[in-house]
Number of protein chains: 2
Amino acid sequence: MSIQDPARIEQPPKRRRRSPEELRREALVSARRLLIESGPNAITLKGVGDDIGVTHANLIHHFGSAAGLQSALMESMVRDLADALDAAVAQLRSDTGAPRALVDAVFDAFDQGGAGRLAAWIALSGDLQHLEPVRAAVHDLVDAIVEKFAAEGEQTHGRVTSAVLFIALCAFGDAVIGPPLRDMLDREPDSGRKIVARLLPSFLF
Amino acid sequence: MSIQDPARIEQPPKRRRRSPEELRREALVSARRLLIESGPNAITLKGVGDDIGVTHANLIHHFGSAAGLQSALMESMVRDLADALDAAVAQLRSDTGAPRALVDAVFDAFDQGGAGRLAAWIALSGDLQHLEPVRAAVHDLVDAIVEKFAAEGEQTHGRVTSAVLFIALCAFGDAVIGPPLRDMLDREPDSGRKIVARLLPSFLF
DNA sequence: GACGATATCTACATAGATGTAAGTTACACC
DNA sequence: GGTGTAACTTACATCTATGTAGATATCGTC
């Protein structure tokens, strides 16, 4: 196949012109992958640009600055975490939500979407204001658990916030250092979830 | 006060010549403080050098490279974490170790010693081999709890490793994202410790 | 007090990340 | 099909972190 193959009528355009929304979406997907696979330091303009096939200057054009890209990534991932928590709330309110299902929903939110690593990055870098959208989702989760599970009593709200704090701490910890820790203790991959699911009823009933 | 004040008999030496051990110790103390206060990206040769009053070239002379400094910091902090866990073990084996005392010991190791932020940094950067010295300390902790607390039974070892996994996950999570999470839920600062201390007996008895 | 080992510094070189300015091109719209 | 907007690129400038080479100063030791 020669370089100037006459069969190739239409050359692909040298440049691909994306809509601003599409480029932002592609860049954030790439940046999230880099964060999860290679850590926060891998999120650079050149790294993301090479990954999606644009120059670093173009990323600055769309995000304003490198910090703008990082902020957009934090916002995007935090929104996904909040959505995942909201989905857990919806599931809890609709059908037969067992404690283990709730635990799985929260653990998945921190683990699969990379929210655990994101939260660790935010905490280490000190940009705590980016966690703010999670607050409403957490409150919704508290309310949903109160409706669904909690026994009546004076301490109900306190017990449920304890339960949410407990689940969130464990889900976050499990997402970030669960694998090496389970390896040290020779435990199976879902042992964290099992433990939390087993302890949860002591808060709720 | 003139520059050449005759009253100032002995000028302080322009350079302070430290022993290699002393410089390494000072550098690692500074690097740990920078990690805890400003995050992993603050640990630079210039940052640490300015902090302790030496040039970055001198730090390279003593640590070999920037990566050498970071590795030394990880080793130092992991050793401190292992020592703290060993201290908790010793306390557990000697006197009246209540569950809350054990919880406080582990939580303090992760929180005050900076081990939580260290572990998050290691996990995000992928240098998991640096956590290896923790393995022995964790095993010691399991053994000590088995001796001290655990009721007799077939499942004893499994229950205790569950307890250790549980404490470690919560202590790590509490050290890294405990403050913002407690703020969202309007809980007091030691609520994480309270919860863990209250749940611990269900593993041990 | 002289000397030697080496801790320490200065000066320079390099690489990567970020940012700016100006030119180029794709694509919607008329 | 022409035209304008703006997505996109190239080229350049800057800043920071890291690393190297050689000069210099400090301190223990004789």
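Only the coordinates and a few stated rules stand behind these numbers; no lab work does. Please read all numbers here as calculations on a predicted model, not as lab measurements. Glycine gets a Cβ as well: all are built from the backbone with ideal geometry, and neighbour counts include every protein chain shown.
Only Lys, Arg, Asp and Glu carry charge here, each on its Cβ (+1 for the first two, -1 for the last two); on that basis the protein assembly as shown has a dipole of about 1100 debye about its Cα centre. Mind telling me which of B:112, B:155, B:70 comes out most flexible in a GNM of chain B, alpha-carbon contacts under 10 Å? Of the options given, B:155 has the highest mean-square fluctuation. Ranking B:200, B:171, B:142 by Cα position along the charge dipole of the range B:76-204, where only Lys, Arg, Asp and Glu carry charges on their C-beta atoms, puts B:200 farthest toward the positive end. Contact order, relative form, for chain A: 20 percent (alpha carbon pairs under 8 Å, 6 or more residues apart, mean separation divided by residue count).
In chain A, the DSSP-assigned H stretches of four residues or longer account for a calculated mean residue ellipticity at 222 nm of -23500 deg cm²/dmol, using -39500 (n - 2.57) per stretch and the full residue count as denominator.
Neighbouring Cβ atoms from other chains, within 10 Å of the Cβ of residues in B:28-35, number 0 on average. Positive end of the dipole of chain A (Cβ unit charges, origin at the Cα centre): among A:103, A:49, A:28, the Cα lying farthest that way belongs to A:49.
How do the peptides B:166-174, A:137-145 rank, highest first, by the average count of neighbouring beta carbon atoms within 10 Å per residue? Working shown, then result.
Details: B:166-174: 26.9, A:137-145: 20.4.
Sorting B:166-174, A:137-145 by mean packing, highest first, produces B:166-174, A:137-145.
Derived scalar couplings between HN and Hα for the range A:117-125 equal 5, 4, 4, 5, 4, 4, 5, 5, 7 Hz in order, rounded to whole Hz, by the Karplus curve 6.51 cos²θ - 1.76 cosθ + 1.60 (θ = phi - 60°), x for Gly and Pro. What dipole magnitude, in Debye to the nearest 20, does the range B:17-64 give about its Cα centre under +1 on Lys/Arg Cβ and -1 on Asp/Glu Cβ? My answer is approximately 80 debye.
Counted over the protein assembly as shown with a bin width of 20 Å, the fraction of Cα pairs per bin, in whole percents, is 24, 48, 22, 6, 0. Bridgeable lysines around residue B:148 (alpha carbons under 25 Å apart, same-chain partners fewer than 8 residues away excluded): A:194, B:194. Look at the stretch A:131-142: the mean tally of other chain Cβ atoms within 10 Å of its residues' Cβ atoms is 2. For residue A:194, the distances from its label point to the matching points in the remaining copies are 3.1 nm, ordered from shortest, with each point set 7 Å beyond Cα toward Cβ.
Dividing the Cα radius of gyration by the Kirkwood radius, what Rg/Rh value follows for the range B:17-64? Don't skip to the end; give the middle numbers.
Details: Rg = 9.9 Å, Rh = 10.5 Å.
Using only Cα positions, Rg/Rh for the range B:17-64 is 0.94.
Normalising the average separation of contacting C-alpha pairs (under 8 angstrom, six or more residues apart) by the number of residues puts the relative contact order of the range B:17-64 at 34 percent. Rounded if a/c is under 1.5, else prolate if a/b beats b/c, else oblate: with a ≥ b ≥ c from the C-alpha gyration tensor eigenvalues square-rooted, which is the range A:75-204? Oblate. Note on chain A: GNM, Cα springs under 10 Å; of A:47, A:116, A:158, the largest mean-square fluctuation is that of A:158. Karplus-based coupling profile of the range A:158-166, in residue order and whole Hz: x, 5, 6, 4, 4, 5, 5, 4, 4, with θ = phi - 60° in 6.51 cos²θ - 1.76 cosθ + 1.60 and x standing for Gly or Pro.
The mean number of partner chain beta-carbon atoms within 10 angstrom of a residue's beta-carbon across peptide B:38-45 is 3.
Our Cα-only numbers for the range B:131-199 put the radius of gyration and Dmax at 14.4, 41 Å. For the Cα atoms of chain B, what angle does the longest principal axis make with the long axis of helix B:66-94, in degrees from 0 to 90, nearest 10? With both axes taken from Cα atoms, the answer is about 40 degrees. In a simple Cβ point-charge model (Lys, Arg +1; Asp, Glu -1; nothing else charged), chain A has a dipole of about 580 debye relative to its Cα centre.
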